[in-house]
Amino acid sequence: MLKLTVVNRCLATLGESPLNSLDDSHAFLGTALDLLDQKSLEVQSPGRWFNTETLKLTPSPLDESLYLPGDVLEVNTGSAHIVQRGNRLYDLDKGTFRFTSPVTVLIIRNVDFEQLPAVAATYIAELTVHRFQAEYDGDQQKTSLLGQAVGQAMREFGRAEVRNRNINMIHSHAGLTRLLWLTRNVRGSTR
């Protein structure tokens, strides 16, 4: 799905004509794009099947730092003593950004809206249009209809999450999932 499509759906709730591109000028263009980014972050931040991955970071040959990708929303290092500071990992025990060996991390990425799976993009789009309409038009009937569309998109998104993950009582709980990941890393490093 394109950002332009979402912006035009937002504008349509106000009875406005659609834009031909995101370079066009419109008083509500920036607002619609900001809402889209906000809703995308809200949906992606907990970590989903499409934006959570394990990476092995290798120290840079230039300064021995472990650099994180620019699209990281959250990083879990498996250690309370290694934390994210800016775009690098920092060792709290040694007080340094320098590492001599690779570190495996669990990251949650901020995937660009236009690169999202269709079901995720649809859910985010419905959230964005609903919020935009509620804030700038406020017609109760439209809000109700858009709310129903959000509910349907949320159910489809939830089904996709279940299909694409190993969902059970442990894996469906974000805190327990991280604990399981940490336990596996600790067990793996002691063997």
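The values are calculated or read from the model by the stated rules, or taken from the named source; none is laboratory data. From a predicted model like this one, the values you see are computed outputs, not experimental measurements. Using ideal geometry, Cβ is built from the backbone for each residue, glycine included, and neighbour counts are taken over all protein chains shown. Surface areas here come from the heavy atoms of the whole protein model, side chains and all, with no ligands, DNA or RNA. Shrake-Rupley method; radii C 1.70, N 1.55, O 1.52, S 1.80 Å.
Summarising the amide proton neighbourhood of Asn110: residues at separation of 5 or more, or on other chains, whose placed amide H is nearer than 5 Å comprise Val72, Leu73.
Run the numbers for Leu92 and Glu156: contour at 0.36 nm per residue of separation, minus the present Cα-Cα distance, in nm. Mind dumping the intermediate values first?
Details: separation 64, 0.36 × 64 = 23.04 nm, distance 4.23 nm.
Full extension of this stretch gives 18.8 nm more.
What a 1.4 Å probe finds exposed on the chain is 51% carbon and sulfur by accessible area, rounded to a whole percent.
Averaged over all directions, how much area does the convex hull of the C-alpha atoms of the range 29-133 cover when projected, in nm²?
Numbers: hull surface 31.9 nm².
Dividing the Cα hull surface by four gives the mean projection, 8.0 nm².
Normalising by the residue count of the chain, find the relative contact order in percent from Cα pairs under 8 Å and 6+ residues apart. After rounding, I find 24 percent.
Starting from one equal scatterer on each C-alpha and no solvent at all, send me the Debye-based log10 I(q)/I(0) for the chain at q = 0.11 Å⁻¹, two decimals. Relative scattering, expressed as log10 I(q)/I(0), comes to -0.64.
Per residue, how large is the accessible surface of the chain? Use a 1.4 angstrom probe and give square angstrom. Can you show the working numbers first?
Numbers: 10970 Å² over 191 residues.
Ligands and nucleic acids excluded, the figure is 57 Å² per residue.
Legend: calculated FRET efficiency, Thr143 to Thr100, from the Cβ-Cβ distance at R0 = 45 Å, rounded to 0.05, equals 0.20.
What range in the chain is the longest one free of GluC sites (Glu not before Pro) that are in a loop by DSSP and have at most 15 other Cβ atoms within 10 angstrom? Don't jump to the answer; show the numbers that get you there.
Details: sites that count: Glu16, Glu64.
Longest run free of exposed loop sites: 65-191.
Connecting C-alpha atoms closer than 10 Å in a GNM of the chain, tell me which of Leu89, Leu19, Leu73 has the biggest fluctuation. Ranking Leu89, Leu19, Leu73 by mean-square fluctuation puts Leu19 first.
For the chain, modelled as a GNM whose springs connect Cα atoms under 10 angstrom apart, the maximal fluctuation among Asn166, Asn110, Asn51 occurs at Asn166.
What you get for the chain, charging only the Cβ of Lys and Arg (+1) and of Asp and Glu (-1), is a dipole of about 1140 debye around the Cα centre. Largest mean-square fluctuation among Pro46, Pro61, Pro18, in a Gaussian network model of the chain whose springs join Cα atoms under 10 Å apart, belongs to Pro61.
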